[in-house]
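I'd like to ask some things about the structure below.
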Amino acid sequence: MGAQALTLWSMALGAIAAVALARAADLLLRRGSVQARALAYHLSVFLLVLVESGVLRQVAQPATARLHVLQVLAGPVCVGLSNFWIHGWLAAGERDRVMAAILRASALALPVGGIAALALPAHLQLPAAALLSLAGSGLTCWLTFRAWTIGDRLALTMAAGCVLTLPAIAGLYALAMHLGSWKLAGQGAIALAAVGSNALTGHGLWRRARRAWRTRETGSVPLLDPVTRLHSATSLVQQLLAAQKRRGRTRREGALLAIIVFEPERIARDAGGAALDEVWMTLAARIQRQVGLANPVGRYWDRCFVALVETIPGRPWLRTLALRTAAALRQPVEVTGRGGQALRVRVEVGVGVVHLDRKPAELEDVLDLAQRLAEAARALPSRTAMIDPVSGEVVAVESAQLAPVRGGGPVRAGLSVQRPAG
């Protein structure tokens, strides 16, 4: 490696390290698993470029056999770990079974495949590692783009970063295998792809982490409602209409939740208007945390929140979602009373759940049914209600028969013509 090439790759490593240092500072300021995973990702990219580009050989001069093992393992391990982290970033386990299964399997199979490659003849080990890394990275690219098509707006940035990862990995392994004579411009293109991929992916990780931080109960959700910072009614309806159009293309199952708060005036009377605003902000954050940051949540009217889960793994998952949401919202809320004293107030809520099947339905009907179910949920022990897919009756979510029904059952599209009384 000449002096110019060493300078070029040192600059690329410096750019990657700068992003890693920024994430390290973020981790120190706001400790959490999201920040830790992001830092680990950038460090793995740094090590991959350091090992494959030839800088490690030039600077540290490790033993040839040891360097060779590092070069074989670096790509599969880095891509495998990336798939493990992206599984959590996409909330794949709560949105798409296929996506979740593929990401989990590749996160395990790629490092194992890298180790298995060491059993091949020496001249085949690096090519095998390169193929594994490219296959895993291509798979990640496809899955992140798939996540974007089903409603995750941040996934497009991640998909763009994954696209740049492909030429970066191919070029780095070509350098490690000494394929051809690479001029400085060619190496510069590889370095630019690696730095660009790291930057775009880091931007996506940072934006998701920022949203996660703001949904904590000490903060707010950064959108339009002046109190909760959720979508306002108008903005929410626009989000739901756009999501329904996407669902018309993707034909995925989803769910719409309406959460109605009963007698908020009691809290205002006992603790004051400022305390009630704290309650609204806390409930907004709790709802967003339960349904996931990729799904729109809004304040449809003063006592009603609406959340759309654009894709669900399957109908039985609705039970977990509804009961978990209701349990979170019924936890006491810490507020500041009129005299500055700390108070704990309980909120009475009802959660209405509408299952959306692969056939899009009229949004107005869905919203109306979800609110009626939320009203009916007040009389049920779990404070959750939905239409039973088999009987067509309004039941508590824990009592609904949510196994798949052949032929669609008596209730289609998750929208029963039988409505709760009221």
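Given the residues A91, A25, which is the only one that is at pLDDT 80 or above and either under 25 Å from the mean Cα position of the chain (by Cα) or within 26 Å of G113 (Cβ to Cβ) (or both)? So that I can check it myself, show each step before the final result.
Values: A91 fails: at pLDDT 80 or above.
Within the list A91, A25, the selection yields A25.
Return yes when R31 is open to solvent by 40 Å² or more (accessible area, probe 1.4 Å), under 21 Å from the mean Cα position of the chain (by Cα) and either basic (K, R) or closer than 19 Å to A130 by Cβ (or both) and no when it is not. Walk me through how you get there before you give the answer.
Numbers: open to solvent by 40 Å² or more (accessible area, probe 1.4 Å): yes; under 21 Å from the mean Cα position of the chain (by Cα): yes; either basic (K, R) or closer than 19 Å to A130 by Cβ (or both): yes.
Criteria met by R31.
Next question, about the same structure. Taking segment 108-127 only, how many residues are within 19 Å of L179 (Cα to Cα) and surrounded by fewer than 19 Cβ atoms within 10 Å (Cβ to Cβ)?
So the count comes out to 5.
Here's a follow-up. Could you tell me which residue of segment 128-158 is surrounded by the fewest Cβ atoms within 10 Å (Cβ to Cβ), considering only residues that are under 12 Å from G113 (Cβ atoms) and small (G, A, S)?
A135
Here's another thing I want to ask about it. Given segment 1-80, what helices (runs of 4 or more DSSP H) lie entirely inside it while holding 2 or more residues that are farther than 30 Å from A105 by Cβ?
So the answer is 3-29, 55-59.
Could I ask something else about it? So which residues in segment 343-383 are among the small types (G, A, S), touching a Leu at 6+ places or on another chain (Cβ under 7 Å) and open to solvent by less than 10 Å² (accessible area, probe 1.4 Å)?
As a first pass, look at segment 343-383 and keep what is among the small types (G, A, S): 350, 352, 361, 370, 374, 376-377, 379, 382.
Checking the rest, the ones that are also touching a Leu at 6+ places or on another chain (Cβ under 7 Å) come to 352, 361, 370, 382.
Scanning segment 343-383 gives G352, A370.
Also, quick follow-up: Does at least one position in segment 363-378 carry a residue that is assigned to a loop (DSSP other than H, G, I, E, B), modelled with pLDDT of 85 or more and either more than 18 Å from P316 (Cα to Cα) or among the hydroxyl-bearing types (S, T, Y) (or both)? Lay out the reasoning, then the answer.
Narrowing segment 363-378 to residues assigned to a loop (DSSP other than H, G, I, E, B): 378.
If we keep only those that are modelled with pLDDT of 85 or more as well, we get 378.
Now drop any that are not either more than 18 Å from P316 (Cα to Cα) or among the hydroxyl-bearing types (S, T, Y) (or both), which leaves 378.
Yes - at least one qualifying residue is present in segment 363-378.
Hey, does segment 79-88 have a residue that's over 22 Å from L200 (Cβ atoms), buried (at least 18 other Cβ atoms within 10 Å of the Cβ) and aliphatic (A, V, I, L, M)? Can you show your working first?
Initially, segment 79-88 is screened for residues over 22 Å from L200 (Cβ atoms), giving none.
Scanning segment 79-88 turns up no residue that is over 22 Å from L200 (Cβ atoms), buried (at least 18 other Cβ atoms within 10 Å of the Cβ) and aliphatic (A, V, I, L, M).
Condition (residue is surrounded by 24 or more Cβ atoms within 10 Å (Cβ to Cβ) and either within 21 Å of A128 (Cβ to Cβ) or among the hydroxyl-bearing types (S, T, Y) (or both)) applied to segment 50-61: is it met by at least one residue? Break it down into steps so the answer makes sense when it comes.
Initial filter on segment 50-61 (surrounded by 24 or more Cβ atoms within 10 Å (Cβ to Cβ)): 52-53.
Those left that are additionally either within 21 Å of A128 (Cβ to Cβ) or among the hydroxyl-bearing types (S, T, Y) (or both): 52-53.
Yes, because at least one residue in segment 50-61 is surrounded by 24 or more Cβ atoms within 10 Å (Cβ to Cβ) and either within 21 Å of A128 (Cβ to Cβ) or among the hydroxyl-bearing types (S, T, Y) (or both).
To continue, here is another question. Whether any residue in segment 177-198 is closer than 30 Å to A242 by Cβ, at pLDDT 85 or above and in a helix (DSSP H, G or I) is what I want to check. Break it down stepwise before answering.
Narrowing segment 177-198 to residues closer than 30 Å to A242 by Cβ: 196-197.
Those left that are additionally at pLDDT 85 or above: 196-197.
Now restrict to residues that are in a helix (DSSP H, G or I): 196-197.
So far as segment 177-198 goes, yes, one or more of its residues are closer than 30 Å to A242 by Cβ, at pLDDT 85 or above and in a helix (DSSP H, G or I).
The values are calculated or read from the model by the stated rules, or taken from the named source; none is laboratory data. Just so you know, these numbers come straight off a predicted model, no measurement behind them. Here the Cβ is made from the backbone with ideal geometry for all residues, glycine too, and neighbour counts use every protein chain on show. Quick note on the areas: whole protein, heavy atoms, side chains included, nothing else; ligands and nucleic acids left out. Shrake-Rupley method; radii C 1.70, N 1.55, O 1.52, S 1.80 Å.
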